[in-house]
Amino acid sequence: MRLAELSTRSGVSTATIKYYLREGLLPPGRRVSATQAEYDEEHLERLRLVRALIQVGRVPIASARDVLTALEDDSLDHNSRLGTAVSALPHGPESAADDASTEAARHTVDALLDRLDWEYIQGHGADSPAYRMLVTAVGTLSRLGYPCAVEDLAPYARAGRQLAVSDLDLIERYDSPDEQLQAAVALTVLYEPVLLALRRIAQAEESNRRFGQGARE
């Protein structure tokens, strides 16, 4: 297909596609003349992924390039490629100071992982943006005086484990390893607002059950 058809099928403007090509986010098409190239279904799939990353996930161009590089790294096994790709996505803030409260939060997180017997992340914690983000969040909860002991965090961890099972079930619907990698990145980005919305809806339902008019009566 030519650039115009790629634009129509993907919903991405030709100017944006050209920008992605210049930035190395989209591989060049097969040159058919000095000024024209042809693109195929792989370009369409990659463009959908890039669009999900940048337009939906608000991933910076440099980070998107890192994700796509990880997807193409054949030296990594499938699990490592999945982890590298997802870890390259933006995460929440990390603690700027390695103070006493941060160290206490790290001990709490390690104790939680030990209770759950999550050995993989225990061995890779220092290299995991998600681990560092969790330490920062627990440290903030502690400094503000909100519950954040292991027993407070464990229900969230167990819910997260079940969500991970659902995530991987979705990813395994795709046949090839490359499709699974692209799905892992896209679904991580696209499902996080779904999870946030569902949590808040569930909170409203539970609050109404406990404190609403029917509960008072």
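For the subset of region 86-98 comprising residues that are touching a residue at least 12 places away in the same chain (Cβ under 8 Å) and surrounded by fewer than 12 Cβ atoms within 10 Å (Cβ to Cβ), which member is farthest from the chain's Cα centre (by Cα)?
First, the residues of region 86-98 that are touching a residue at least 12 places away in the same chain (Cβ under 8 Å): 86-95.
Among the residues that remain, those that are also surrounded by fewer than 12 Cβ atoms within 10 Å (Cβ to Cβ) are: 92-93.
Working: Gly92: 11, Pro93: 15 Å.
Result: Pro93.
Output the number of residues of region 19-54 satisfying the condition of being loosely packed, with under 13 Cβ neighbours inside 10 Å and part of a helix (DSSP H, G or I).
3
Can you pull out every residue in region 2-18 that is out of contact with any Lys or Arg (no Cβ under 7 Å at 6 or more places or on another chain) and in a loop (DSSP other than H, G, I, E, B)? Lay out the reasoning, then the answer.
Of region 2-18, the ones out of contact with any Lys or Arg (no Cβ under 7 Å at 6 or more places or on another chain) are 2-9, 11, 13-18.
Arg2, Gly11, Ser13 - these are the residues of region 2-18 that are out of contact with any Lys or Arg (no Cβ under 7 Å at 6 or more places or on another chain) and in a loop (DSSP other than H, G, I, E, B).
Could you tell me which of the residues Leu3, Leu71 is among the hydrophobic types (A, V, I, L, M, F, W, C), within 21 Å of Glu192 (Cα to Cα) and either touching a helix residue (DSSP H, G or I) at 6+ places or on another chain (Cβ under 6 Å) or open to solvent by 30 Å² or more (accessible area, probe 1.4 Å) (or both)?
After ruling out the rest, the residue left standing is Leu71.
Can you confirm whether Tyr174 is open to solvent by 40 Å² or more (accessible area, probe 1.4 Å), out of contact with any strand residue (DSSP E or B) (no Cβ under 6 Å at 6 or more places or on another chain), aromatic (Phe, Trp, Tyr) and over 20 Å from Gly92 (Cβ atoms)?
On the way: open to solvent by 40 Å² or more (accessible area, probe 1.4 Å): yes; out of contact with any strand residue (DSSP E or B) (no Cβ under 6 Å at 6 or more places or on another chain): yes; aromatic (Phe, Trp, Tyr): yes; over 20 Å from Gly92 (Cβ atoms): yes.
Judged against the criteria, Tyr174 is a match.
Looking for whichever is under 15 Å from the mean Cα position of the chain (by Cα), closer than 30 Å to Leu53 by Cβ, surrounded by 15 or more Cβ atoms within 10 Å (Cβ to Cβ) and polar (S, T, N, Q) here; the options are Thr136, Thr188, Thr140. Which one fits? Before the answer, list the steps.
Working: Thr136 fails: under 15 Å from the mean Cα position of the chain (by Cα); Thr140 fails: under 15 Å from the mean Cα position of the chain (by Cα).
Being under 15 Å from the mean Cα position of the chain (by Cα), closer than 30 Å to Leu53 by Cβ, surrounded by 15 or more Cβ atoms within 10 Å (Cβ to Cβ) and polar (S, T, N, Q) holds for just one of Thr136, Thr188, Thr140, which is Thr188.
Take Gly83 and decide whether it is farther than 30 Å from Met1 by Cα, out of contact with any Ser or Thr (no Cβ under 7 Å at 6 or more places or on another chain) and open to solvent by less than 60 Å² (accessible area, probe 1.4 Å).
Details: farther than 30 Å from Met1 by Cα: yes; out of contact with any Ser or Thr (no Cβ under 7 Å at 6 or more places or on another chain): yes; open to solvent by less than 60 Å² (accessible area, probe 1.4 Å): yes.
Spelling it out, Gly83 is indeed farther than 30 Å from Met1 by Cα, out of contact with any Ser or Thr (no Cβ under 7 Å at 6 or more places or on another chain) and open to solvent by less than 60 Å² (accessible area, probe 1.4 Å).
Val67 fails exactly one of the following numbered conditions: (1) in a helix (DSSP H, G or I); (2) out of contact with any Leu (no Cβ under 8 Å at 6 or more places or on another chain); (3) at pLDDT below 90. What is the number of that condition?
Result: Val67 passes all but (2).
Report, by residue number, each residue of region 172-217 that is within 24 Å of Glu41 (Cα to Cα), in a helix (DSSP H, G or I) and among the acidic types (Asp, Glu).
Those that are within 24 Å of Glu41 (Cα to Cα), in a helix (DSSP H, G or I) and among the acidic types (Asp, Glu): Asp178, Glu179.
Can you tell me which of Asp169, Asp114 is among the acidic types (Asp, Glu) and either under 19 Å from the mean Cα position of the chain (by Cα) or not in a helix (DSSP H, G or I) (or both)?
Numbers: Asp114 fails: either under 19 Å from the mean Cα position of the chain (by Cα) or not in a helix (DSSP H, G or I) (or both).
Matching residue, one of Asp169, Asp114: Asp169.
The values are calculated or read from the model by the stated rules, or taken from the named source; none is laboratory data. Computed from a prediction, not measured in an experiment: that's the story for all the values here. Virtual Cβ from ideal backbone geometry, glycine too; neighbours counted across all protein chains shown. To get the accessible areas, we keep the full protein, side chains included, count just its heavy atoms, and leave off ligands, DNA and RNA. Shrake-Rupley method; radii C 1.70, N 1.55, O 1.52, S 1.80 Å.
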